[in-house]
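K.L.:
Let me give you the structure first, and then I'll get to my questions.
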Amino acid sequence: MSIVVIVVAAMLGLAAAVLLVRMTVGPTILDRSVALDVLMAVTICAVGLYAGHTGSTTVLPLLLGLSMVGFVGAVSIARYASGSDDVAAEDDDDQRQGER
């Protein structure tokens, strides 16, 4: 079983490294937001892997807290970014106002 834990931990570490690169290089705020959201999911998986490997139930509130923070963060960023970089929607609004 320890080989499986090592392989899964290595995969989660690789995913976290790739996501950190994506958060740094991402050209738009939405790319960075998606990378941050997936990084939160990778972190939750890593804590779940630890809980499963050790049999400890004391980290379950941490999982719940991370899930809530991840959800609220993703929704907040989506709400913030909904009106900032949408050029196509602005063009449609300009055309509609020109028709009136």
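The values are calculated or read from the model by the stated rules, or taken from the named source; none is laboratory data. Everything numeric here is computed off the predicted structure, so don't read it as measured data. Just so you know, the surface numbers come from the protein's heavy atoms only, side chains and all, with ligands and any DNA or RNA stripped out. Shrake-Rupley method; radii C 1.70, N 1.55, O 1.52, S 1.80 Å.
K.L.:
Which distance in Å, rounded to a whole number, links the C-alpha centroids of the stretch 56-84 and the stretch 5-36?
P.N.:
If we compute the Cα centre of each part, the gap is 16 Å.
K.L.:
Report relative contact order for the stretch 2-81 in percent, whole number only (criteria: Cα-Cα under 8 Å, sequence separation at least 6).
P.N.:
31
K.L.:
Pop out the ³J(HN,Hα) list for the stretch 8-16 in order, Karplus 6.51 cos²θ - 1.76 cosθ + 1.60 with θ = phi - 60°, rounded to Hz; leave Gly and Pro as x.
P.N.:
5, 5, 5, 5, 5, x, 5, 4, 5
K.L.:
Using a 1.4 Å probe and ignoring any ligands, DNA or RNA, find the accessible area of ILE44 and quote it in Å² to the nearest 10.
P.N.:
40
K.L.:
Can you sort THR57, THR43 by 1.4 Å-probe accessible area, starting with the largest?
P.N.:
Largest accessible area first, the list is THR57, THR43.
K.L.:
Mind ranking VAL18, VAL38 by accessible surface for me, highest first, 1.4 Å probe?
P.N.:
VAL18, VAL38
K.L.:
Give, in nm to one decimal, the length gained when the segment between THR54 and THR28 is fully stretched (0.36 nm per residue of separation minus the Cα-Cα distance).
P.N.:
The span from THR54 to THR28 would gain 5.4 nm if fully extended.
K.L.:
So, one more: What accessible area, in Å² to the nearest ten, does a 1.4 Å probe give for SER76?
P.N.:
60
K.L.:
Now for a separate question. Could you order ASP37, ASP31 so the one with the most accessible surface comes first? Probe is 1.4 Å.
P.N.:
ASP37, ASP31
K.L.:
For ALA41 and VAL21 in the same chain, what is the full-extension length gain: residue separation times 0.36 nm, less their Cα-Cα distance, in nm?
P.N.:
Difference between extended and current length: 5.6 nm.
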